[in-house]
Amino acid sequence: MSKRKIIEIDEEKCSGCGLCMPACPEGAIQIIDGKARLISDMYCDGLGACLGECPEDALKIVEREAEEFDEEAMKAHLKKMEEEQQRPDQNFSGCPGSRVMEWRNEREVVQPPEDARPAQSELRQWPVQLVLVNPQAQYFQNADLAIVADCVPFAYANFHQDLLKDKSLVVGCPKLDDLGFYQQKLAQIFSMNNIKSVTTVIMEVPCCAGLGYAVQQAMAESGKDIPMETVVIGIKGNRKPEAVTTS
């Protein structure tokens with residue numbers, strides 16, 4: 001063991017958003033108990049590829065006594081992660097948002113009444129992708145705005161009636177898209193329009209928290225003080241009770 005450069009994670013700052021995990025090509029960082037953690041010194045090369053992805057500035061490179069970087073052990077670790085990701089078991093140690101799971105056989109099939117009316121779409125604008133919307137679009141003026149992670153409408157069956165009705169909408173994925181661009185676009189929407197309220201709807205997986213972070217930062221950047229609520233949807237489609245409201 002010798003002194004070398006290696007990543008250090010400030011658990012007090014870490015929000016558990018998971019954005020650092022895809023940025024670590026060695027798979028040395030995992031979310032454990034809601035926090036990013038370095039799982040083994042030998043997997044970290046100390047080059048800091050993950051540094052720029054943390055919205056909380058919880059990562060830094062330090063010099064300390066550590067096991068030497070072991071490339072062969074790291075490759076074996078990555079191979080094991082890849083194999084586990086293909087199995088819907090409970091031992092997968094990679095990104096919680098990417099673990100393969102299936103529960104279709106657990107669901108009870110309920111037949112609707114014969115006279116039931118088809119569900120009505122509550123969407124009232126186009127486009128909806130945050131990358132595509134015009135910040136000055138008329139549908140943002142005097143609107144209650146829903147900012148929604150891409151996966152939510154697929155997971156939550158009552159999305160239209162419970163969360164979209166009477167709202168304007170933007171959707172995006174904080175894991176796959178540019179979070180900095182999201183923040184900039186949202187700040188423009190907030191500052192250019194009289195937004196009455198903001199409801200941020202995310203999935204329970206750690207990486208989805210990045211969208212909530214972008215909304216908060218955009219609000220601060222815009223200088224507005226708009227009532228905000230955060231709603232969390234479980235991966236099995238249940239609405240979590242711990243909604244957070246701020247003003």
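The values are calculated or read from the model by the stated rules, or taken from the named source; none is laboratory data. Just so you know, these numbers come straight off a predicted model, no measurement behind them. Cβ: placed from backbone, ideal geometry, glycine included. Neighbour counts: every protein chain shown.
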Quiz item: Which of the residues belonging to the range 69-78 are of a type in the set (A, V, I, L, M, F, W, C) and surrounded by fewer than 19 Cβ atoms within 10 Å (Cβ to Cβ)?
Solution: 73, 76, 78
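Residues that are among the hydroxyl-bearing types (Ser, Thr, Tyr) and at pLDDT below 90: find the helices (runs of 4 or more DSSP H) completely inside the range 134-247 holding 1 or more of those.
209-222
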Quiz prompt | Every residue from the range 194-220 that is surrounded by fewer than 21 Cβ atoms within 10 Å (Cβ to Cβ) and within 15 Å of residue 139 (Cα to Cα) | solution = 194, 196, 197
Practice problem: Could you tell me which of the residues 10, 41 is modelled with pLDDT of 90 or more, crowded, with 17+ Cβ neighbours inside 10 Å and of a type in the set (D, E, K, R)? | Solution: 41
Exercise. May I ask you to verify whether residue 147 is touching a Gly at 6+ places or on another chain (Cβ under 9 Å), in contact (Cβ under 8 Å) with a residue 24 or more places away in the chain and closer than 17 Å to residue 128 by Cα?
Key: yes
Quiz item: When you go through 168, 191 one by one, which is the residue that is hydroxyl-bearing (Ser, Thr, Tyr) and either surrounded by fewer than 21 Cβ atoms within 10 Å (Cβ to Cβ) or outside the structural domain of residue 240 (by TED's automatic domain parsing) (or both)?
Solution: 191
Quiz item: Of all residues in the range 55-68, which are out of contact with any Lys or Arg (no Cβ under 8 Å at 6 or more places or on another chain) and surrounded by 15 or more Cβ atoms within 10 Å (Cβ to Cβ)?
Solution: 55, 59, 67
Exercise. Mind counting the residues in the range 21-76 that are of a type in the set (A, V, I, L, M, F, W, C), out of contact with any helix residue (DSSP H, G or I) (no Cβ under 7 Å at 6 or more places or on another chain), closer than 20 Å to residue 210 by Cα and assigned to a loop (DSSP other than H, G, I, E, B)?
Key: 6
